[in-house]
Structure formats: C-alpha cells, structure tokens
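A quick write-up on the structure given underneath.
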Amino acid sequence: MTDQMTDPMRVNVRKTLARALTTLDAKVDPAHAAVVVVDVQNDFCAEGGMLHREGFEIDRVQKMVPRLHDFVLAAREAGVLVVWIQTIYNAQANFMSDVWLEQSLRRWKGRFIDYPVCLKGGWGGDFYGNVRPLPGEPVVHKHRYGGFIGTNLDMVLRSNGIRTMIMTGAITNGCVESTARDGFFHDYYIVFLDDCTGTVNEELHQGTLFNIDRWFGQVCNAPDVVACWQKKR
C-alpha cells in the first residue's frame, strides 16, 4: 500500500503555499528582506591576512568587494536592513575545541595554533576596506562557519520581521554557504548573490552556486535585486 495525501493534508499544503514568496520581487521586498554580509574581514580578504599568508589566491575576493560596497549602499538607500556577521576566533576565550584544533593540524596549516586568526580588536578580525557597518546596524559575532551557531542572529532577524536573507561576503563555499544553509533550515528564504560573494577559486564558487540553487535558495546577481528595489520607489 502506498502513502497517499489526504484532503486535510492537501488543504494545509495549499494554505502554506498561499504564504509563499514565489518571485524574486517578493523575496527581496525591503519590508522583510535583510542583506547579510558575512566575514568581510582582513583575515579573509586582505594581503597579509590568514588566507593570503597560507598561500591562497585572494584576487577574486578582492575584486568582489567593490561590488559588495555598492550593493550595501543601494540596500541602505532602499531601506533594507543590513546585518553584519563578524568572525571572532580568540583562542584565549576558549572558542577553539580539540575538534577544531585537530582539523587545523591536519588540513589548515596550523592556524589558531601557530598564529591567531580573527582576534577581537585585532587587525585580522577587523572589517576589510570600506565595507563595514554604520552605527546602529546589527553586528553578530560568530565563532564557527555558520552564522546561527551560538549567536543571536535568528533573534535579530525575527525581531525585525525578516523573511529573506540576501547572502553576500566571504568565503562563498565556507562561511557564506554555511550561514545560507542554516538560514534555510531556520525557514528563511535564501537569495544568494553570485557577484557579491567570493572565494579562492572559480571552481569552489561555482560548486556552491549549484548547491545553493538546487537545495537551499535562489542564486542571482546584485543588479537583479537592485532592480526589484527600484520598482518599489
């Protein structure tokens, strides 16, 4: 005997679908969308930062930053909430577990052990260039890849009536993807910007875009979103 959907089940599904945001216009409406800027910090974006000193190419990340800067300005002009995610990895604050440090020994070239990463108040943890929060914009400190783990991100978003997370920042296949996945699991719509996220090579970037669009949200570019906002004026 196969499972079948009963009439009450169908009614519930239809009621839920009636609330669904099914277009990009609806998802990025300034009334309930937030731009989430992940880890645009010196250790991930700058020469001399963690990724650069470990030999990773950061050109793609650095070329993305001006586009992100312009997009954040457009979001502010449209009245869209901008939420900043800032990684803090202070070892002295006991944020580093044995699991984390073992992975560093095996695959991460000794980061956190031989040198600090994203120290609170330090250069590596500071925001990169001119992509940084204004007074009053929420800043969420995280200590793992995903922005929801052990943070108040969900409370910040729900307190502001947010239904959609517009994902930007660094690194595409690391902290941005992790936060987008967690956002989907928390029942937020995910809009993931191809041109306002960056990582160390194109293959990793494209892999994340495919994965997000297939399983977790909608992939588009910043001009697509800005065009939606301009219609609201």
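Figures for the structure shown
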item	result
Some residue of region 58-68 being of a type outside the set (Lys, Arg), surrounded by fewer than 16 Cβ atoms within 10 Å (Cβ to Cβ) and assigned to a loop (DSSP other than H, G, I, E, B)	no
Conditions (1) at negative phi; (2) modelled with pLDDT of 95 or more: number failed by ASP39	(1)
Only listed residue being free of Cβ contacts under 8 Å to residues at least 60 places away in the same chain and among the hydrophobic types (A, V, I, L, M, F, W, C), chosen from VAL82, VAL61, VAL65	VAL82
Inter-residue pairs, beta-carbon under 7 Å, first among the aromatic types (Phe, Trp, Tyr) and in region 93-109, second at pLDDT 85 or above and assigned to a loop (DSSP other than H, G, I, E, B), 6+ apart	PHE95/TYR89; PHE95/HIS143
Selected residue (criterion: surrounded by the fewest Cβ atoms within 10 Å (Cβ to Cβ)) from residues of region 1-30 that are part of a loop (DSSP other than H, G, I, E, B) and touching a Lys or Arg at 6+ places or on another chain (Cβ under 9 Å)	PRO30
Which numbered condition VAL117 fails, given (1) farther than 24 Å from ASP224 by Cβ; (2) assigned to a helix (DSSP H, G or I); (3) β-branched (Val, Ile, Thr)	(2)
Condition check for VAL140: part of a strand (DSSP E or B) and either touching a Phe, Trp or Tyr at 6+ places or on another chain (Cβ under 7 Å) or surrounded by 17 or more Cβ atoms within 10 Å (Cβ to Cβ) (or both)	yes
Within region 31-45, tally of residues that are hydrophobic (A, V, I, L, M, F, W, C), assigned to a strand (DSSP E or B) and farther than 18 Å from PHE216 by Cβ	1
Odd one out for HIS205, checked against (1) in contact (Cβ under 8 Å) with a residue 40 or more places away in the chain; (2) in a loop (DSSP other than H, G, I, E, B); (3) not hydroxyl-bearing (Ser, Thr, Tyr)	(2)
Subset of region 114-134 [surrounded by fewer than 20 Cβ atoms within 10 Å (Cβ to Cβ), over 26 Å from PRO223 (Cα atoms) and either aliphatic (A, V, I, L, M) or modelled with pLDDT of 95 or more (or both)]	LEU119, TRP123, ASP126
The one condition in (1) part of a loop (DSSP other than H, G, I, E, B); (2) modelled with pLDDT of 95 or more that MET96 fails to fulfil	(2)
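Rundown of residues vs (1) part of a helix (DSSP H, G or I); (2) out of contact with any His (no Cβ under 6 Å at 6 or more places or on another chain); (3) more than 16 Å from VAL37 (Cα to Cα), yes/no style:
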{"site": "ASP70", "(1), (2), (3)": "yes, yes, no"}
{"site": "LEU73", "(1), (2), (3)": "yes, yes, no"}
{"site": "TYR89", "(1), (2), (3)": "no, yes, yes"}
{"site": "ILE113", "(1), (2), (3)": "no, yes, yes"}
{"site": "PRO133", "(1), (2), (3)": "no, yes, no"}
{"site": "TYR145", "(1), (2), (3)": "no, yes, no"}
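Rundown of residues vs (1) touching a residue at least 60 places away in the same chain (Cβ under 8 Å); (2) at positive phi; (3) in contact with a strand residue (DSSP E or B) (Cβ under 8 Å, 6 or more places away or on another chain), yes/no style:
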residue: LYS142; (1), (2), (3): no, no, yes
residue: ASN160; (1), (2), (3): yes, no, yes
residue: ILE166; (1), (2), (3): yes, no, yes
residue: HIS186; (1), (2), (3): no, no, no
residue: ASP194; (1), (2), (3): no, no, yes
residue: ASN211; (1), (2), (3): no, no, no
residue: TRP215; (1), (2), (3): no, no, no
residue: VAL219; (1), (2), (3): no, no, yes
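The values are calculated or read from the model by the stated rules, or taken from the named source; none is laboratory data. Bear in mind the structure is a predicted one, so any value in this text is a computation, not a measurement. Neighbour counts run over all protein chains shown; Cβ positions are idealised from the backbone, glycine included.
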